[in-house]
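Single-structure report; data block below.
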């Protein structure tokens, strides 16, 4: 089943909050539209809901299956060479960052470490 935009699954707009560069492109003489997403937006659509990843009973500092998060530090802690965006094994890295910086925001959660790292790098270089 396709939606009004010709996409085979529902498009979750809330996953793209804060992302820029979404383009809507219509092909001539065709009712099927195509969405052109930036790399950052593609990564955000791959993010998963933290509520669906419980803590591992044998390792309470991990989730089952393993997940990796991309985190944002508060502006007051970012100066000079410090990175605003961090990534790491969730929820271990989140606990470490909260211990060191008090307040940390989880931007996205992934099943793939490389996706979390890439999103942190992309956001850092904006």
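Please go through region 49-65 and give me each residue that is surrounded by 15 or more Cβ atoms within 10 Å (Cβ to Cβ) and modelled with pLDDT of 90 or more, ordered by number.
Within region 49-65, 50, 53, 63 meet the criteria.
Screening residue 76 against (1) surrounded by 16 or more Cβ atoms within 10 Å (Cβ to Cβ); (2) modelled with pLDDT under 95 leaves a single unmet condition, (1). On the basis of being out of contact with any helix residue (DSSP H, G or I) (no Cβ under 6 Å at 6 or more places or on another chain), modelled with pLDDT of 85 or more and either surrounded by 15 or more Cβ atoms within 10 Å (Cβ to Cβ) or not in a helix (DSSP H, G or I) (or both), does residue 4 make the cut? Here the answer is no, as residue 4 does not meet what is asked. Residue-level check: of (1) surrounded by 19 or more Cβ atoms within 10 Å (Cβ to Cβ); (2) part of a helix (DSSP H, G or I), residue 108 misses just (2).
The values are calculated or read from the model by the stated rules, or taken from the named source; none is laboratory data. As the structure is a prediction and not an experimental result, all values here were calculated from the model. FYI the Cβ positions are ideal-geometry reconstructions off the backbone, even for glycines, and counts take in every protein chain you see.
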